[in-house]
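Below: one structure, written as structure tokens.
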């Protein structure tokens, strides 16, 4: 495997967390925590740029990794979980409570894939098909977290 392919697979598998033989999406979401913690150091006016760049990078790496593996949406690709979890935490302050609640709610949407999450999984191919359903799961999670946050629960 060429060096650039190793880099692509390293990134796409969430630093190889997606290679864990059971629950790769869950471990990929755990690997996303440092990316969510970056909200604590990135100025708020740059959050949207950060999230956008992360989504675009996730689509790129997922697309390239899928080509290398030659399998549609392989479970070891978890950069989509990383991007989706970051989206989930993009509308609330990052705290221990929002990290934990966001993790549970995001995994719920990512595993069950209710509409509109399922729509995005079925309607796109390549890297976009791998990533966009997780982005939608992240958006739904972000909305719920924002409602919980505004209610004063945390």
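Only the coordinates and a few stated rules stand behind these numbers; no lab work does. Every value quoted in this text rests on a predicted model; they were computed, and no experiment measured them. With ideal geometry, Cβ positions are generated from the backbone for all residues, glycine too; neighbour counts draw on all protein chains shown.
Summary of computed values
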| item | result |
| --- | --- |
| Nearest 10 degrees, 0 to 90: helix 3-12 Cα axis against the chain principal axis | 30 degrees |
| Relative contact order of the chain, pairs being alpha-carbon contacts under 8 Å that are 6 or more residues apart, as % | 27 percent |
| Virtual spin-label span in nm between residue 19 and residue 40, 7 Å along Cα→Cβ | 2.9 nm |
| Stokes-Einstein translational diffusion, segment 63-137 - Kirkwood Rh over all Cα pairs, 1.306 mPa s, 10 °C, in µm²/s | 124 µm²/s |
| Gain on full stretching of the segment that runs from residue 53 to residue 95 - 0.36 nm per residue minus C-alpha separation | 12.9 nm |
| Whole-angstrom gap from segment 72-100 to segment 17-65, using each part's C-alpha centre | 6 Å |
| Overall dimensions of the chain by Cα: Rg and Dmax, Å | 14.8, 51 |
| Burial ranking of peptide ranges 25-36, 107-118 (average Cβ count within 10 Å, highest at the top) | 25-36, 107-118 |
| Theoretical gain in end-to-end length, residue 108 to residue 147 [0.36 nm per residue, Cα-Cα removed] | 12.3 nm |
| Value of [θ]222 nm, deg cm²/dmol, for the chain, DSSP H segments ≥ 4, -39500 (n - 2.57) each, nearest 500 | -22000 deg cm²/dmol |
| Extension gain, residue 5 back to residue 115 (0.36 nm per residue minus Cα-Cα distance, nm) | 36.2 nm |
